[in-house]
Amino acid sequence: MEEIVTFELGDVDLVSGETLKSAVLIAKTWGQLSSALDNVIVLPTYYTGTHDSYASLVGPGNVFDTNRYFVISPNLFGNGLSTSPSNAVESISGPHFPTVDIYDNVLCQHRLLTEKYGVTEIQLVAGWSMGAIQSFHWAVAFPYLVRRILPWCGSARCSPHNWVFLGSVEAALKADSIYAEGHYDGPPTAGLKAFGRVYCGWAYSPAFFRDELWREQGFQTVDELLSFWEIDQLGWDANNLIAKLRTWQSADVGKWRLVDGGYEQALSSIKARAIIMPSRTDLYFTPEDSAIEVQHMRHAELRVIESDWGHCAGGPGREEAAMRQIASAVSDLLS
């Protein structure tokens with residue numbers, strides 16, 4: 001059983017002090033909610049993904065098994081489905097879109113799960129990249145609701161190096177004069193292509209390029225891979241990309257209003273059992289940063305994804321060996 005859910009939130013007061021007017025959260029569900037309302041798995045979406053991006057991992061007998069669990073994937077604000085610069089009411093549309101925090105997303109997702117479904121327990125919050133970032137924030141904000149988390153290729157806050165990477169792709173996009181500080185009449189095509197080309201180099205590892213692993217994706221040359229990334233970005237609205245980038249850059253579990261000690265205190269407050277899974281060769285969510293996070297968590301294990309695919313090792317369905325490692329961790333957590 002699958003369903004697309006539209007949940008109207010009204011005006012939402014944001015962490016920034018701004019207001020997300022007439023906010024709407026879009027999500028997809030798979031499976032059946034138990035009578036006890038407690039068989040829930042949450043898969044928050046990632047930067048250039050939607051709920052359908054997890055489809056290869058969801059289903060009967062799959063990694064996220066709908067024979068046993070009610071799986072829900074809420075879409076990030078800014079991804080073109082949930083309220084975004086491209087579909088917001090006029091006063092906050094386009095470049096006028098407010099700054100939306102990871103906690104804003106999680107609090108609204110919590111409203112969906114509790115107000116619409118009456119959820120009493122979440123068995124697992126898991127996800128890749130920005131989905132992983134949200135997993136950490138879920139565990140901090142709702143320690144008595146979330147039983148387990150499995151963040152892969154993500155972190156509990158945006159590191160300085162990660163922030164620099166995001167700034168580089170933003171600069172590439174904004175260099176297109178058509179962008180016009182977000183007031184464009186048509187897509188800033190050159191900027192979007194530059195955004196994709198810069199992003200590609202960060203998304204994989206040096207070994208991925210040295211050993212020509214892009215051939216496993218069907219590309220004959222590196223330039224074919226880069227061209228694919230250029231074209232892929234043309235499917236995204238530029239202001240949507242910038243809005244989600246702001247959400248990513250500002251991520252920090254230490255912002256939670258009920259903890260006083262910042263980042264470290266927030267991590268130590270997590271009660272959920274956790275397996276934290278960085279990719280060995282990820283250039284911006286590094287195993288070293290994940291090891292620091294695990295040191296501050298009470299019930300966490302560091303389990304590194306052994307892969308030369310860099311950050312993209314965690315992309316749902318992209319590298320079979322990495323997916324097997326993630327599937328094993330899901331099984332271990334839920335067993």
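List the GluC sites (Glu not before Pro) within region 279-335 that fall in a DSSP loop (any state other than H, G, I, E or B) and whose Cβ has at most 13 other Cβ atoms within 10 Å. Don't jump to the answer; show the numbers that get you there.
Working: sites: Glu288, Glu293, Glu301, Glu306, Glu319, Glu320; in loops: Glu306, Glu319.
Counting only loop positions with at most 13 other Cβ atoms within 10 Å, the GluC sites (Glu not before Pro) in region 279-335 are Glu306.
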**OP:** Determine the gain in length on full extension of the stretch Arg324-Thr114; use 0.36 nm per residue of separation and subtract their C-alpha separation, reporting nm with one decimal.
**Re:** 72.4 nm
Original post:
Counting alpha carbon pairs within less than 8 Å and at least 6 residues apart, what relative contact order, in whole percent, applies to the chain?
Top reply: 17 percent
**OP:** Stick to the Cα atoms of region 131-180, pair each with every other, and give me the Kirkwood hydrodynamic radius in Å at one decimal.
**Re:** 13.1 Å
Original post:
Hey, any idea what the orientation-averaged projected area of the convex hull of region 219-276's Cα atoms comes to, in nm²?
Top reply: 7.0 nm²
**OP:** Taking the Cα centre of region 182-335 as origin, sum charge times position over the Cβ atoms of Lys and Arg (+1) and Asp and Glu (-1), and report the length of that vector in debye to the nearest 20.
**Re:** 520 debye
Subject >> Relative packing of peptides 154-160, 93-99 - highest average C-beta neighbours within 10 Å first >> reply: 154-160, 93-99
Subject >> Hz values of 3J(HN,Hα) by residue in region 49-55 - Karplus curve (6.51, -1.76, 1.60), Gly and Pro given as x >> reply: x, 10, 4, 5, 5, 8, 4
Original post:
Over region 230-288, what is the relative contact order in whole percent, taking alpha-carbon pairs under 8 Å and six or more residues apart?
Top reply: 15 percent
Subject >> Positive-pole candidate from Trp256, Ala243, Met323, dipole of region 199-335, charges at beta carbon >> reply: Trp256
**OP:** Place a +1 charge on the Cβ of each Lys and Arg in the chain and a -1 charge on the Cβ of each Asp and Glu, then give the dipole magnitude about the Cα centre in debye, rounded to the nearest 20.
**Re:** 680 debye
Subject >> Assigned charges on the beta-carbon of Lys, Arg, Asp, Glu; region 1-151 dipole about Cα centre (debye) >> reply: 360 debye
**OP:** Using only Cα atoms, locate the centre of region 245-284 and the centre of region 165-202, then give the distance between them in Å, rounded to an integer.
**Re:** 28 Å
**OP:** Starting from the Cα of Ser91, move 7 Å in the Cα-to-Cβ direction to define the label point; list residues of region 1-37 whose amide nitrogen is under 19 Å from there.
**Re:** 8-25
Original post:
Who wins for biggest fluctuation among Ala322, Ala238, Ala175 in a Gaussian network model of the chain, springs between alpha carbons below 10 Å?
Top reply: Ala175
Subject >> Dimensionless Rg ratio for the chain, taking C-alpha atoms and the 2.2 N^0.38 Å reference >> reply: 0.95
Subject >> Of Ser22, Ser307, Ser73, the one that fluctuates the most in a GNM where the chain has Cα springs shorter than 10 Å >> reply: Ser22
Original post:
Share of the chain's accessible area from carbon and sulfur, percent, 1.4 Å?
Top reply: 49 percent
Subject >> Spin-label pair Gln265/His296, simplified geometry with 7 Å Cα→Cβ offset, distance in nm >> reply: 1.1 nm
Original post:
Using a Cα distance threshold of under 23 Å, what count of lysine pairs results for the chain when pairs must be 8 or more residues apart or interchain?
Top reply: 10
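Taking only protein heavy atoms and a 1.4 Å probe, what accessible area per residue, in Å², does region 7-161 have with all protein chains in place?
Here the per-residue accessible area is 32 Å².
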Original post:
Using the Cβ atoms and a cut-off under 11 Å, what net charge is assigned to the surroundings of Ser53, where Lys and Arg are +1 and Asp and Glu are -1?
Top reply: +1
Subject >> Spin-label model distance (nm) - Leu334 vs Asp11, 7 Å beyond Cα toward Cβ >> reply: 4.1 nm
**OP:** Could you give the DSSP H helices of the chain that reach 15 angstrom or more along their long axis (alpha carbon positions) and whose average Kyte-Doolittle hydropathy is no lower than -1.0?
**Re:** 130-141, 160-174, 189-203, 222-233, 238-249, 320-334
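For region 175-269, what Kirkwood radius comes out of the mean inverse Cα-Cα distance, in Å?
16.1 Å
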Subject >> Per-pair calculated FRET efficiency, R0 = 51 Å: Ser34 and Trp163 via Cβ, rounded to 0.05 >> reply: 0.80
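The values are calculated or read from the model by the stated rules, or taken from the named source; none is laboratory data. Note that this is a predicted model, so its numbers are computed, not measured. Because the Cβ atoms are built from the backbone with ideal geometry, glycine has one as well, and the counts that use them run over all protein chains shown. Side chains included, ligands, DNA and RNA excluded: accessible areas come from the protein's heavy atoms. Shrake-Rupley method; radii C 1.70, N 1.55, O 1.52, S 1.80 Å.
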